[in-house]
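For reference, the structure discussed in these notes is given below.
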Amino acid sequence: MTTAERPTALTSLRRARELFLRGQQPPDGVPDDVLAAWKRARFFGVRHDVGDPAPEAASGTADSPLLAAARPVLDRIAGTLGGGETSLVLTDARLRVLWASGFAPDHHCRDLSEELVGHNSAALALHTHRRAEVHGPEHFLDRWQDVSAVSVPVRAPETGDTVGTVTVATGLYGGRGEGPGYGPHPGAPLAEAVATAVETELLSRSRAAERALLDAYLRASGKKGQAVVALDGRNRLVSEAAGRMLSPEGLEALERRAVALIRESGSGRPTALADGPDGSAQPDSPDGSAQPTMLPDGPGGTVSLTPVSHQGSVIGAVAMLESSGCPAPVTADRRDLGLAGRSVPWRHAVGRALEMATSSEPLLLVGERGTGKTSLARELAADALLMDAAETELGTHADVLRTGRPLLVRHVERLAPPDTATLNSLLAAHPNVPLLATYTPGAPPGPCLQRLLDTLAARSVTLPALRERPEDIRELLTSLTPSPHPGRPPLTWSLDALRALERHPWPGNVTELAHLVRTLAEHRRTTGPVRRTELPDAVREGPAPRPLTPMELAERSAILDALHLHGGNKARAAASLGIARATLYRKLRGYRV
């Protein structure tokens, strides 16, 4: 776009905005996203001529952890802005302005949510989870008609969640590129650099707080066999004795109490909690002294929580568990570790299989590889003779059925045609034989196999894939984790690692998860909960948000390899790839959002 064309584009968009504000139909050519943003502002009742004085600290933002981490960075940058037409703004995840400097005060607002001020780059960046720019007439407010702004989301380093935005605003900028005469904002590198610096500071503070929690946990668990749990809403440190006392549901309930204590308590003295009338954590006694309460998952012991403080703030809690001496209730028989799970799809499938297994008739278990078909079949008929069609021919195994003993045939899709024909003939003559079979769908079955599947269809159960029951991940981890070697702590998981595990699609299902757990248990050299950074690249980064082109897949793979080679150091990875660090961040975010 030439210099002469830019004012024309600006003028056209200004004219379209004026027509829209008068209630008239804007002309063709207004970008769809801009027109949609104007319509949202009108729906929200935003006044285009609204006025707002210079920002003040909104309620609840003065003690914001994001502001505390960002202030040293922002104060350093603010000195370089000078008296020019550049403004730097920090918001939290609710788009409340936490800090602003530079530019004309009447351009600032206390809150940048679209419901209050209409279209702006901070709201757009928060919505899209990537860098966003809004220029001049694209804004809804009158006073921002001569402003160009670029915003970058700030992410929590441990979880990747967006916790705020950094915005750089200048006078109206008309550059080269797509859109109505606008191009890459000259403040984009500054916004990227500030967001990166704030994320680095957040990571440093998070690690210091986690170290304080770990120290408190180690002090509390100094006595051998002590049942201790330390929690901060992201990490869990669970001693072996506590792991035996708490069910997954009990640990979840205990974590909710700890989070409530972090929010409500400013005290560092031991405090026991009970559920208040609104479900929040409340002290058990008026003076706040420790009054042990029952464990969250019922009888078997009591628990007291002690807040853990760091730099004057409560950042977590240590729970001391005491057994009452009564045996914990037995929940379920888990002879096979892969059968853990309480999700509705899993319980429905297992319940249906158990109901069908009460009669000595054929049963077909269908599911993707690794979903637990063979494990469930062994539970249903512990005395069954096992035959793997991928390794053995049916042969005389069919004779076992005539004796009344169950026969378990794995991978019926791999049966040789003569063996399939033998089973078809047997079922035609004796439809009530105790046959258990597992079937993994794949290539279209031949006519002989299709006949067998049709015969067993009425007594078939389909097991859900692990991606369809992510709520079972945590219980599966408990079941699949092997006992630690003498002198080593049990394997535990940080919340950011758990979230990554729950988002992974698990093409290999429970078998793939079991392999990951076993590998970590055998080869891990560090202590403490397993972090997200320790997980394989595909699990750690999460599934791609959209189907990627072959070029994008190759690029994503190269970036992940470089990050792995350089221990996660993004600056070194970017240098090895020959790209700027801001480009690396943008590409990673583009693949993950």
Sequence ranges 36-46, 232-242, 131-141, ranked by mean other-Cβ count within 10 angstrom, highest first
131-141, 232-242, 36-46
In whole Hz, the Karplus estimates of ³J(HN,Hα) for the stretch 577-587 (6.51, -1.76, 1.60; θ = phi - 60°; x where Gly or Pro) are 8, x, 10, 6, 5, 4, 5, 4, 4, 5, 5
By the C-alpha gyration tensor axes a ≥ b ≥ c (rounded if a/c is under 1.5, else prolate when a/b exceeds b/c, else oblate), the shape of the stretch 210-261 is oblate
What is the distance in Å between the Cα centroid of the stretch 215-264 and that of the stretch 472-536?
18 Å
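Laboratory data are not the source of any read-out in this text; all were calculated from the coordinates shown. The model shown is predicted, which means the values in this text are computed figures rather than measured ones. Note that each Cβ is placed from the backbone with ideal geometry, even for glycine, and that neighbours are counted across all protein chains shown.
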